[in-house]
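Input: a single structure, listed below in structure tokens.
The values are calculated or read from the model by the stated rules, or taken from the named source; none is laboratory data. Here the structure is a predicted model, which means the values were calculated and not measured. Here the Cβ positions follow ideal geometry from the backbone for every residue, glycine too, while neighbour counts run over all protein chains shown. Accessible surface areas use protein heavy atoms only, side chains included; no ligands, DNA or RNA. Shrake-Rupley method; radii C 1.70, N 1.55, O 1.52, S 1.80 Å.
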Amino acid sequence: MGKKKLRLFEETVKFLKKHYPTPPQIGIVLGTGLGSFINEIAVEKEIAYEDIPHFPLATVTGHSGKLVFGKLSGKDVVAMAGRFHFYEGHTAQEVVFPVRVMKLLGVETLLLSNAAGAVNPSFRVGDIMIINDHVSFFTRNPLIGKNINEWGPRFPGMSEPYKKHLVQKAKLIAATHNFEVKEGVYIGVTGPTFETNAEYRLIHLLGGDVVGMSTVQESIVANHMGMDVFAVSVVTDLGIREEGNIITHEEVLEAARHAEPKLAILLKELVAAI
Ligand code: HPA
């Protein structure tokens, strides 16, 4: 990445600081169907993506496309209502642009959420799974290209992409509120097709518990820049079933909406505990 690209980041950060000067400590990315979590935030400033210089534009239904600054559980947060996906035609670098911007604004901890298809046979639609590891091989690595040494190392370690202390905290929160959470591995794919039956079986064989079209690229970049990452999936469909996984985007949205109250408790209390 050249000097010109760095200048783009500077312009975006300067614009956002001008509109909302308080540096956020925690960044939140809301996945498909999970956008109403925004209602939990005491919103102080909302900025539509199309008004932010150099931001990509979201194109999927169920993503409203705005950056929200405000307070959650007493902390300064910035939330993305709507994220960018590789399948929309954005480059891997564009997908992660907002994550880099969050870090440059001051964010130290990134909380990611997504809708995902389960391949673990013990999972059910509506389950919440805390991600404890991922496989990114089926997506394009967003660090491909010139490394910016001030941002992070050329060859970053990925041995703890999701911080164990955050996983522990989240499990404790769920136990306190008497709801079950699963824990497991998220395998990232490009989409936009849902998987074939053979692909779901392969993902299961490879050690995945769920599969989805986001999150891994954001996690890679956040780890590259030294942020602590926590991520959670809402299971919206079941990949390994005898009759196959007949699934539509609408069903994904509906299942995600259904699980949102549990997710809201988890994220809200996790923010309080950070
Ligand atoms: N596969 C990939 N991405 C998804 C799925 C799925 O089954 N469900 C929600 N996002």
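Hey, residue 251 hits all of (1) touching a residue at least 24 places away in the same chain (Cβ under 8 Å); (2) open to solvent by 10 Å² or more (accessible area, probe 1.4 Å); (3) farther than 26 Å from residue 99 by Cα but one; which does it fall short on?
The single condition residue 251 does not satisfy is (1).
Any chance you could count how many residues in the stretch 82-98 are hydroxyl-bearing (Ser, Thr, Tyr) and in a helix (DSSP H, G or I)? Full working, then the answer.
First, the residues of the stretch 82-98 that are hydroxyl-bearing (Ser, Thr, Tyr): 87, 91.
Of the ones still in play, those that are also in a helix (DSSP H, G or I) are 87.
Number of matching residues: 1.
In the stretch 207-246, what residues are within 13 Å of the ligand (Cβ to nearest atom), outside any loop (DSSP other than H, G, I, E, B) and hydroxyl-bearing (Ser, Thr, Tyr)?
Selection gives 233, 236.
Assess whether residue 198 counts as being closer than 16 Å to residue 130 by Cβ and open to solvent by less than 70 Å² (accessible area, probe 1.4 Å).
Numbers: closer than 16 Å to residue 130 by Cβ: no; open to solvent by less than 70 Å² (accessible area, probe 1.4 Å): yes.
When the stated conditions are applied, residue 198 does not pass them.
Within the stretch 142-152, is even one residue within 16 Å of the ligand (Cβ to nearest atom) and basic (Lys, Arg)? Working first, answer last.
Residues of the stretch 142-152 that are within 16 Å of the ligand (Cβ to nearest atom), as a first pass: none.
There is no residue in the stretch 142-152 that is within 16 Å of the ligand (Cβ to nearest atom) and basic (Lys, Arg).
When you go through (1) of a type in the set (Gly, Ala, Ser); (2) under 18 Å from residue 143 (Cα atoms); (3) touching a helix residue (DSSP H, G or I) at 6+ places or on another chain (Cβ under 8 Å); (4) at pLDDT below 95 one by one for residue 2, which number turns out not to apply?
Exception for residue 2: condition (3).
Select, from 167, 107, the only residue that is under 28 Å from residue 257 (Cα atoms), open to solvent by less than 20 Å² (accessible area, probe 1.4 Å), assigned to a helix (DSSP H, G or I) and of a type outside the set (D, E, K, R).
On the way: 107 fails: assigned to a helix (DSSP H, G or I).
Step by step, each of 167, 107 is checked, and only 167 is under 28 Å from residue 257 (Cα atoms), open to solvent by less than 20 Å² (accessible area, probe 1.4 Å), assigned to a helix (DSSP H, G or I) and of a type outside the set (D, E, K, R).
Do we find that residue 175 is over 17 Å from the mean Cα position of the chain (by Cα), modelled with pLDDT of 95 or more and of a type in the set (Gly, Ala, Ser) in this structure?
yes
Is there a residue in the stretch 115-127 that is touching a Phe, Trp or Tyr at 6+ places or on another chain (Cβ under 7 Å), in contact (Cβ under 8 Å) with a residue 24 or more places away in the chain and more than 16 Å from the ligand (Cβ to nearest atom)?
no
Could you grab the pairs with beta carbons closer than 7 Å, sequence gap of 6+ or different chains, first residue in the stretch 10-26 and among the hydroxyl-bearing types (Ser, Thr, Tyr), second one open to solvent by 70 Å² or more (accessible area, probe 1.4 Å)?
Final answer for the pair search is 12/54; 20/44.
Answer yes if at least one residue in the stretch 136-151 is more than 21 Å from residue 30 (Cβ to Cβ), in contact with a His (Cβ under 8 Å, 6 or more places away or on another chain) and buried (at least 20 other Cβ atoms within 10 Å of the Cβ), and no otherwise.
For the stretch 136-151, residues more than 21 Å from residue 30 (Cβ to Cβ), in contact with a His (Cβ under 8 Å, 6 or more places away or on another chain) and buried (at least 20 other Cβ atoms within 10 Å of the Cβ): present.
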